[in-house]
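Colleague: Questions regarding the structure given below will be posed in turn.
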Amino acid sequence: MSEKLLSVVIPTYNMEAYLRRCLDSVTRDDVPSSLELIVVNDGSTDGSLAIMQEYAEKRSDIVNIIDKPNGHYGSCVNAALKVATGKYFRILDADDWFDTDGLIKLLNEIENISTDIIVTPYKKIRRTKTIEYKPKQVLYNHMYSLLQESIWTNQDFELFVMHSMTFDTSILREVKFRLSEGICYTDNEFLIYPTKAAESIIFLEPVLYNYDMTREGQSMDPVIQAKNCGHLAIIIRRFTETIDKLGAFSKRFCSRVLISYYYRRLFACIDDNELKGIDRLVQIKSPYLFKDVDAALLHAPSLWRKFGLHFLFYEKLKRVFNIDR
């Protein structure tokens, strides 16, 4: 058996309609055995487990199955990390897929590098268009210090997301990394908490991840977000309450994630009393984040605080000016 260079966890709950597309992208005959797939069945009630077993027979050299009771997304990642043997570790959602050629290139490249974090370009697939997110003004295959300002000065925040990030497995274990269990929207914890022990980052050129935003009922669906707004509140509180323990790069991530949650979700779906509590917590625990959020959102939070103007007003402005972010 070859040494495993990359462990990929695929959390799966009732994804039989999409799972074959995902697994086809990572089990093609020319995908080397240096890949380790840990496909986690999170108590699915459909045919997901049977599909997993079919692919485990097809590529027994790379496919491993964990079959467990439902515990939400975080529990799947935690279960996989316990058994992962790869040099690096990353996540692939069951309703998304990898570019197979990009995966093979990545496996070839990481055999000869040693860094804490790897960032790869990805595609976000919407109903009307596909957007490719690639690093700007960086040297590919060049190792940067996380504290080097040039790596993020000109970067779009959406470059640094779960879909682009791969971590050295030893870093995850060093910080005793665990995602929160029993709630949604924990993927951003995968970006923030491991970086407190990381020192280096490298950008590789192959486009890897295809992020499908067209599926109805996914966690980013506004209806689902409104239903799970309490989960968002929990995540933001945890970020804010632990921010003083994070390193400089983690704080930068935390700032951007907090802003993302504010403008994408919290103002749009959470009740004012809950939001006021979170807003006050951010102001007390991290005044600079409080100012960053306000500036990044064109002072819409200030309008809400002062006049009670709901944040959906900002969403309407985005539609008027055709801002699709």
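Colleague: Ranked highest first by the average count of other Cβ atoms within 10 Å around their residues, in what order do 303-309, 87-93 fall?
Modeller: Those peptides, ordered most packed to least, come out 87-93, 303-309.
Colleague: Taking amide H positions as placed 1.01 Å from N in the peptide plane, with prolines and chain starts having none, which residues 5 or more places from Val40, or on another chain, fall under 5 Å of its amide H?
Modeller: Amide H neighbours of Val40, under 5 Å, 5+ apart: Ile10, Thr12, Ile66.
Colleague: Which percentage, to the nearest 5, of the DSSP beta bridges contained in region 6-212 is antiparallel?
Modeller: Of those bridges, close to 35 percent are antiparallel.
Colleague: For region 123-177, what is the convex hull (Cα atoms) projected area averaged across all directions, in square nanometres?
Modeller: One quarter of the hull surface, i.e. the mean projection, equals 5.3 nm².
Colleague: As a check on your grasp of the helix formula, calculate [θ] at 222 nm for the chain: sum -39500 (n - 2.57) over DSSP H runs of n ≥ 4, divide by the residue count, round to the nearest 500.
Modeller: -11000 deg cm²/dmol
Colleague: Relative contact order for the chain: what percent, with Cα pairs under 8 Å and sequence separation of 6 or more?
Modeller: Here the relative contact order equals 17 percent.
Colleague: Which loop-located GluC sites (Glu not before Pro) does region 1-108 contain, where loop means any DSSP state but H, G, I, E or B and the Cβ has at most 14 other Cβ atoms within 10 Å?
Modeller: Here the GluC sites (Glu not before Pro) that fit, given the DSSP loop and packing criteria, are Glu3.
Colleague: Taking 35 Å as R0, compute the FRET efficiency from the Cβ-Cβ separation of Asn112 and Gln148 and round it to 0.05.
Modeller: After rounding, the FRET efficiency stands at 0.95.
Colleague: Next question. Mind checking which lysines have their C-alpha under 19 Å from Lys306, skipping anything on the same chain fewer than 8 residues away?
Modeller: Cα-Cα hits under 19 Å: Lys276, Lys291.
Colleague: To continue, here is another question. Which residues' amide hydrogens lie under 5 Å from the amide hydrogen of Ser200, considering only partners 5 or more residues apart or on another chain, with H built in the peptide plane?
Modeller: Asp116, Ile117, Leu146
Colleague: Using +1 at the C-beta of Lys and Arg and -1 at the C-beta of Asp and Glu, which of Asn64, Tyr18, Pro32 has the Cα lying farthest in the positive direction of the dipole of the chain?
Modeller: Farthest along the dipole direction, towards plus: Tyr18.
Colleague: 5 Å is the cut-off here: which amide hydrogens, built 1.01 Å from N in the peptide plane, fall below it relative to Leu6, excluding neighbours closer than 5 in sequence?
Modeller: Glu36, Lys87, Tyr88
Colleague: Among all the lysines, which ones have a C-alpha under 26 Å from Lys134's C-alpha, if same-chain residues fewer than 8 places away are not counted?
Modeller: Candidates past the 8-residue exclusion: Lys87, Lys105, Lys123, Lys124, Lys196, Lys251, Lys318.
Colleague: What is the ratio of the Cα radius of gyration of the chain to 2.2 N^0.38 Å, with N the residue count, to two decimals?
Modeller: 0.99
Values in this text are rule-based calculations from the coordinates and carry no lab data. Because the structure is predicted, anything quoted here is derived from the model rather than measured. All Cβ positions, glycine included, derive from the backbone under ideal geometry; neighbour counts span all protein chains shown.
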